[in-house]
Amino acid sequence: MATVYIALGSNLGKRKENCLKAIKYIHELPFTKVLKTSSFIETKPLGKRDQPQFLNGAIKIETKLSPQKLMQSLLEIEKKMGRVRKEKWGPRLIDLDIIIYDDLKIEEPGLTIPHPHFKERDFVLIPLRELQFDLNSLD
């Protein structure tokens, strides 16, 4: 089983309900178990600023799914929940990102692990710290 950290965010509709629904769908994935959920924090949007504030959090899971299959599953959950990708940095019903997948380093089209720039984003770091993720483990 791999230990994986996933960041969640929503700034449209019922943001907390969106995040909780996504967590439920992730828990229902085959060979996957949600171990711990962070608190949710309200954050200002990055990039495109003229949009509602985000609600962000993170989860720690165990899974037997490969990084590629997990990413595909997360994209399917986003689509099932109604996410439409119109513009980069735009508003979204749900956003699911693999931040860490064990100690793997992957760089391929559509998947970079660890997630680029996550160490510079408090809306990811604060929930990760709450889940007791050790940033020094990546050095």
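Here is how the numbers come out for the structure above:
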{"read-out": "Cross-chain or 6+ apart pairs with Cβ under 7 Å, region 120-136 first and farther than 8 Å from Ala58 by Cβ and assigned to a helix (DSSP H, G or I), then of a type in the set (Phe, Trp, Tyr) and modelled with pLDDT of 90 or more", "value": "Phe123/Phe54"}
{"read-out": "Counted residues, region 1-26 - those being more than 21 Å from Arg92 (Cβ to Cβ) and not hydrophobic (A, V, I, L, M, F, W, C)", "value": "1"}
{"read-out": "Matching residues, region 73-112, being of a type in the set (D, E, K, R) and either in a helix (DSSP H, G or I) or more than 17 Å from Tyr5 (Cβ to Cβ) (or both)", "value": "Glu76, Glu78, Lys79, Lys80, Arg83, Arg85, Lys86, Glu87, Lys88, Arg92, Glu107, Glu108"}
{"read-out": "Qualifying residue in region 76-95 (condition: aromatic (Phe, Trp, Tyr) and either without any contact (Cβ under 8 Å) to a residue 24 or more places away in the chain or surrounded by 15 or more Cβ atoms within 10 Å (Cβ to Cβ) (or both))", "value": "no"}
{"read-out": "Number of positions in region 9-49 that are surrounded by 15 or more Cβ atoms within 10 Å (Cβ to Cβ) and either among the polar types (S, T, N, Q) or in a helix (DSSP H, G or I) (or both)", "value": "15"}
{"read-out": "Breaking point among (1) surrounded by fewer than 19 Cβ atoms within 10 Å (Cβ to Cβ); (2) touching a residue at least 60 places away in the same chain (Cβ under 8 Å); (3) more than 15 Å from Leu8 (Cα to Cα), for Lys69", "value": "(2)"}
{"read-out": "Count - residues of region 50-66 that are part of a strand (DSSP E or B) and crowded, with 18+ Cβ neighbours inside 10 Å", "value": "9"}
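The values are calculated or read from the model by the stated rules, or taken from the named source; none is laboratory data. These numbers were taken from a predicted model, which means no experiment stands behind them. So basically every Cβ, Gly included, is an ideal-geometry build from the backbone, and we count neighbours across all protein chains shown.
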